[in-house]
Amino acid sequence: MTLKKKIIWSTISVFVLLCFYVCYVARPVDVATDTEVEGLNSEVEQILYYAGLAPSSHNAQMWDVKVYPAEGKIVISPDTSRLLYAVDQESREAYISMGAYARSCMLAFEAYGYNTSLHVSDNGQSITVIYTNSGMARDEGLLNLMKRRHTDKREYTSAAIPEFFQEGLKGIRGAVFVPESTEAFSLIKDQTLSAAEEQRDNQEIRDELADWLRFSNWEAEKKKDGLTAEQNGITGLGKVIYYTFGTRWFAKGDTFAQTGYEMAQRQAENCAGYLLIISNDTNIGYIEAGMHLTEAWLYAVRNDIEVQPMSFAVENKARRFAIQNALKLPYTPQMVLRIGYVDGAYGTNALVRRDLKDYIEVK
Ligand SMILES: Cc1cc2nc3c(=O)[nH]c(=O)nc-3n(C[C@H](O)[C@H](O)[C@H](O)COP(=O)(O)O)c2cc1C
């Protein structure tokens, strides 16, 4: 073979290998959540799979679940090994996430034709869901909605939120809509950006976030929690670059923190408005906020409206109260959701969720 042919063949081989590598790394993450739990029937296993699709901060899934099948009872409590001690020092977001899990649990049971009721213990340390089969038909629409719900960090268009949606929100407890280009919107945006700047410069918060970031499909598929490239809004070639060069060490550094801050800045400014979820500033209030969050988020999904929580401002007590006072809200804002429309198809959930037996114990 002549030198020229050797060079051509080597170039083609490298190119083909590169294509394989890019396709392999860019493929969507595919987490196989094992739903099998000894002692549960397959219907309850399926129901608890849907419950586990609830949102949680950093996708830490910090819920511990005990099921008492003979009594038709589920007890949800915080998993202290999964709390976010730097960014969520009072476990406020852990309670919100537990509340979201509890409401998702009730909705999943109801979608399978069960009646449910809920009881929260005095200090909010545990939530009990009671379920009884009512024999009603299955609601596939609700189950699809729960699977379709996701966090969307992409760029939103300038399209406004329609009146009918704003009217409908008035029927959801704790939901307050703040349209873009209002004074209230600017105030929340400014609080969000100042808080994001503080977090950018906080090494403990950076280190904690880095621990929950996933740097390959393989890592996400093994750990089944945390934030993948897609969940950070990074897809296609961007994902290949992120997974090829990104490391936990790099994610703890100044450059990554500054890039994250600039992304937050763009996201805070680029939306049709903020949806606030308000409640009492107590453990029980946080659980309620998680329940209201679930209702409001599913209502948005039903109407093809994208949602991204932006929690920077409400992660600081003084800032949450400053927003409450400035907007004269009856309760404290616990969640700030950036909402709007995207160009192109409605997003999907990356479905990165742990195996049920990792956090469910049958009694
Ligand atoms: C209490 C709470 C706070 C959150 N804060 C943020 C946030 O500040 N920024 C963000 O992009 N997502 C935030 N999220 C969204 C989670 O990261 C997301 O729910 C999780 O990664 C699972 O992904 P999914 O919502 O697509 O199922 C928050 C979720 C909850 C429940």
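Relative to the first principal axis of the alpha-carbon coordinates of the chain, what is the inclination of helix 183-200, with its axis defined by its Cα atoms, in degrees from 0 to 90 and to the nearest 10?
Once rounded, one gets 60 degrees.
Relative contact order for the chain: what is it in percent, counting Cα pairs under 8 Å that are at least 6 residues apart?
Details: 650 pairs, mean separation 98.3, N = 363.
Value for the chain: 27 percent.
Kindly provide the pair-distance distribution of segment 147-272 built from C-alpha pairs, with 5 Å bins from 0 and whole-percent values in order of increasing distance.
Binned Cα distances yield the sequence 2, 9, 15, 19, 18, 14, 12, 8, 3, 0.
When the helices in the chain are scored as -39500 (n - 2.57) per DSSP H run of 4 or longer and the sum is shared across all residues, what 222 nm value do you end up with, to the nearest 500 deg cm²/dmol?
Rounded to the nearest 500, it is -14500 deg cm²/dmol.
Quick check: the distance between the Cα centres of segment 18-88 and segment 305-346, to the nearest angstrom?
For segment 18-88 versus segment 305-346, the Cα centre distance is 25 Å.
Roughly how many Å is it from the Cα centre of segment 208-280 to that of segment 105-120, as a whole number?
One Cα centre to the other: 33 Å.
With springs only between Cα atoms under 10 Å apart, run a GNM on the chain and tell me which of 141, 290, 236 wobbles the most.
141
Given Cα pairs under 8 Å that are at least 6 residues apart, what percent is the relative contact order of segment 163-340?
30 percent
Identify which of 56, 158, 311 has the largest mean-square fluctuation in a Gaussian network model of the chain, with springs joining Cα atoms closer than 10 Å.
Comparing 56, 158, 311 in the GNM, the peak value goes to 158.
Show log10 I(q)/I(0) for segment 277-363 at q = 0.18, 0.21 Å⁻¹, two decimals, from a solvent-free Debye sum over equal Cα scatterers.
Relative scattering, expressed as log10 I(q)/I(0), comes to -0.93, -1.06.
Any of 66/147; 147/222; 73/328; 73/222; 153/222; 170/223 with alpha carbons more than 28 Å apart? Name them for me.
73/328; 73/222; 170/223
Using a Gaussian network for the chain with springs between C-alpha atoms less than 10 Å apart, which of these wobbles most: 333, 309, 69?
Of 333, 309, 69, the most mobile in the Gaussian network model is 69.
In debye, nearest 20: dipole of the chain around its Cα centre with unit charges on the Cβ of K, R (+) and D, E (-)?
980 debye
Could you tell me the convex hull volume per residue, in Å³, taken over the Cα atoms of the chain?
Residue-normalised Cα hull volume stands at 164 Å³.
Bear in mind these aren't lab numbers, they're just calculated from the coordinates by the rules spelled out. None of the values given here were measured: they were computed from a predicted structure. Cβ atoms come from the backbone with ideal geometry, glycine included; neighbour counts cover every protein chain shown.
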